[in-house]
Amino acid sequence: APGCGGGQFGKAQRFGSVRSTLARAQTGNAGRIVTEERESAMAGTEMPLKYSSGKASPLGVSQDESGLNFAIFSQHASSVTLCIKLPERGTKDEESEKAVEFALDCQKNKTGDIWHVSVEGLPTSGVLYGYRVNGPQGWEQGHRFDSNIVLLDPYAKLVSGRNYFGLDKGPSQPFGTYDFDSSPFDWGADYQLPNLPETDLVIYEMNVRAFTADESSGLDPAVRGSYLGFIDKIPHLLELGVNAVELLPVFEFDELEFKRYPNPRDHMVNTWGYSTINFFAPMTRYASAGGGPLAASRELKQMVKALHKAGIEVILDVVYNHTNEADDANPYVTSFRGIDNKVYYMLDPKNNSQLLNFSGCGNTLNCNHPVVMELVLDSLRHWVKEYHIDGFRFDLASVLCRGPDGSPLDAPPLIREIAKDSVLSRCKIIAEPWDCGGLYLVGRFPNWDR
């Protein structure tokens, strides 16, 4: 099919400047990849990757009977290419990573608006991945496709990039990654949620990193500003009489975003984190000793477990009103804009489909679009089920009460679904009831008796 990848199941090619034996692949008649090194690979020196059509659900990366399934939504894309980086055995050097790109066929690898492929032969952890997405180029129609950029999967559960906070070293490109090797986290046989009544809460709003980042914390430098460092200071919270912490954003964000281009704030670091890159992954650079995404996930769970043991609930300050991808003057394309800008963001049809800005940060997430609404709900459920989070405080929550054109909604579908959702039913739900477009809902925020 023209513009859909070619070949029965697409084609593999080189990814970036990294050389790879897998990158010189051709598509076989049976939908499997046959490499130039097939004989040596079959001899056991290197396993070839085999591709099949895959399935549309669930979104993100999942294990299936034939390997790993990759699925991503894009309604308006004309082509989608899966980009995979395979670390060399025994190395941690990104330059030595093998890389392969596989163009999906819109007839074989697409169901509705979901592009998907199953890959056999991939390691079940330690692999980095992203997507190149192409489509209509008309900005006046609301599209922002650029196939030169490798984009982060919106449903990636872990994000790999720089490992040390505020240091402009290491890879700046965020990639999705996954871990199907580790055992489930041990919450303990006697573990219990605090389940405190809302009327009894004494909430302490705080930033994970800033809480212990200074040397005055008395912690070892390797754990200052980390999830583990936070645990050491729980006795201080108890002395204050605190029984709930409201954590400033712990979703993955780029603290160096101000340094992308010359501007009055280019000397600053974003320490608060209200600039989300991904809604499922914990902030990697809050792991101790630069431990990376898997350590960040594990250590955040350790922190939540320790807080719960102390009788302290964990409420997350969440930012679903905008993302890090900025405005149309200085766009920062890492994920949603390049995947399907017209779906993920509110646009102004009267102004060449420029981004509407009810967040004050350059863009506004289109939260009541069915696809975006489901992403938000899936994200919230993920934090409750995987990390045992007790509640959420929604930043600029009035944005969540706007329709795709920005007009206020009396009964916003997303807010109703949050209020009625069975997984979220035990959670504390707190709304900041205004936005930067003047939608002031103090005292009249829709709530369905929550």
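With n ≥ 4 as the cut-off for DSSP H runs, can you work out [θ] at 222 nm for the chain, using -39500 (n - 2.57) per run divided by the number of residues, rounded to the nearest 500? For the chain, the value works out to -4500 deg cm²/dmol. Sorted on the mean count of surrounding Cβ atoms within 10 Å across their residues, most packed first, peptides 369-375, 244-250 read 244-250, 369-375. Charge tally for ASP378 (other residues, Cβ to Cβ under 12 Å; Lys, Arg +1; Asp, Glu -1): -1. If the only charges are +1 at each Lys and Arg Cβ and -1 at each Asp and Glu Cβ, what is the size of the charge dipole of the chain around the Cα centre, to the nearest 20 debye? Computed about the Cα centre, the dipole is about 820 debye. Using Cβ point charges alone (K and R +1, D and E -1), the dipole size of the range 347-434 about the Cα centre works out to roughly 160 debye.
Ranking GLY166, TYR131, TYR178 by Cα position along the charge dipole of the range 129-179, where only Lys, Arg, Asp and Glu carry charges on their C-beta atoms, puts GLY166 farthest toward the positive end. Per atom type, the chain shows carbon and sulfur on 49% of its accessible surface, probed at 1.4 Å.
Each part gets one Cα centre, and for the range 388-413 versus the range 276-296 those centres are 26 Å apart.
Excluding PRO446 itself, what net charge comes from residues whose Cβ is under 11 Å from its Cβ, given Lys and Arg +1 and Asp and Glu -1? Net charge around PRO446: +1.
Gain on full extension, evaluated as 0.36 nm per residue between ASP327 and TRP187 minus their Cα-Cα distance, stands at 46.2 nm. Taking every protein chain into account, the accessible area of the chain amounts to 43 square angstrom per residue (probe 1.4 Å).
Judged by the ratio a/c of the largest to the smallest principal axis of the C-alpha gyration tensor, the range 198-431 counts as oblate, that ratio being 1.5 or greater while a/b is no larger than b/c. Ranking ALA156, TYR51, VAL314 by how far each Cα lies toward the positive end of the dipole of the chain (charges on Cβ) leaves TYR51 at the top. In angstrom, the C-alpha Rg and Dmax of the range 201-276 are 14.5, 45. Any idea what % of Cα-Cα pairs in the chain are farther than 39 Å? That tail contains 22 percent of the Cα-Cα pairs. For LYS420, a cut-off of 17 angstrom between C-alpha atoms picks up these lysines, skipping any fewer than 8 places away in its own chain: LYS385, LYS428. Checking the cross-link filter: which aspartates and glutamates have an alpha carbon closer than 19 Å to that of LYS233, excluding same-chain neighbours under 8 positions apart? Within reach: GLU205, ASP214, GLU215, ASP220, GLU246, GLU299, GLU313. Using a probe of 1.4 Å on the protein chains alone, the accessible area found for TRP383 is around 0 Å².
Charged neighbours of TYR178, selected by a Cβ distance under 15 Å, balance to -3 (K, R count +1; D, E count -1). Rounded, prolate or oblate for the range 331-450? Axes are the square roots of the Cα gyration tensor eigenvalues, ordered a ≥ b ≥ c, and the cut-off for rounded is a/c under 1.5. Judged from the Cα gyration tensor, the range 331-450 comes out oblate (a/c at least 1.5, b/c at or above a/b).
The charge dipole of the range 198-431, taken about its Cα centre with unit charges on the Cβ atoms of Lys, Arg (+1), Asp and Glu (-1) only, comes to about 340 debye.
Taking all protein chains together and rolling a 1.4 Å probe, LEU196 ends up with roughly 40 Å² accessible. Each peptide in 217-226, 102-111, 182-191 gets a packing score, the mean of other Cβ atoms within 10 Å over its residues, and the list from highest to lowest is 102-111, 217-226, 182-191. Computed with a 1.4 Å probe over protein heavy atoms only, the accessible area of TYR332 comes to about 40 Å².
The values are calculated or read from the model by the stated rules, or taken from the named source; none is laboratory data. Keep in mind that what you see is a predicted model, and the values were worked out from it rather than measured. Virtual Cβ from ideal backbone geometry, glycine too; neighbours counted across all protein chains shown. Side chains are part of the model used for accessible areas, which takes the heavy atoms of the whole protein and leaves out ligands, DNA and RNA. Shrake-Rupley method; radii C 1.70, N 1.55, O 1.52, S 1.80 Å.
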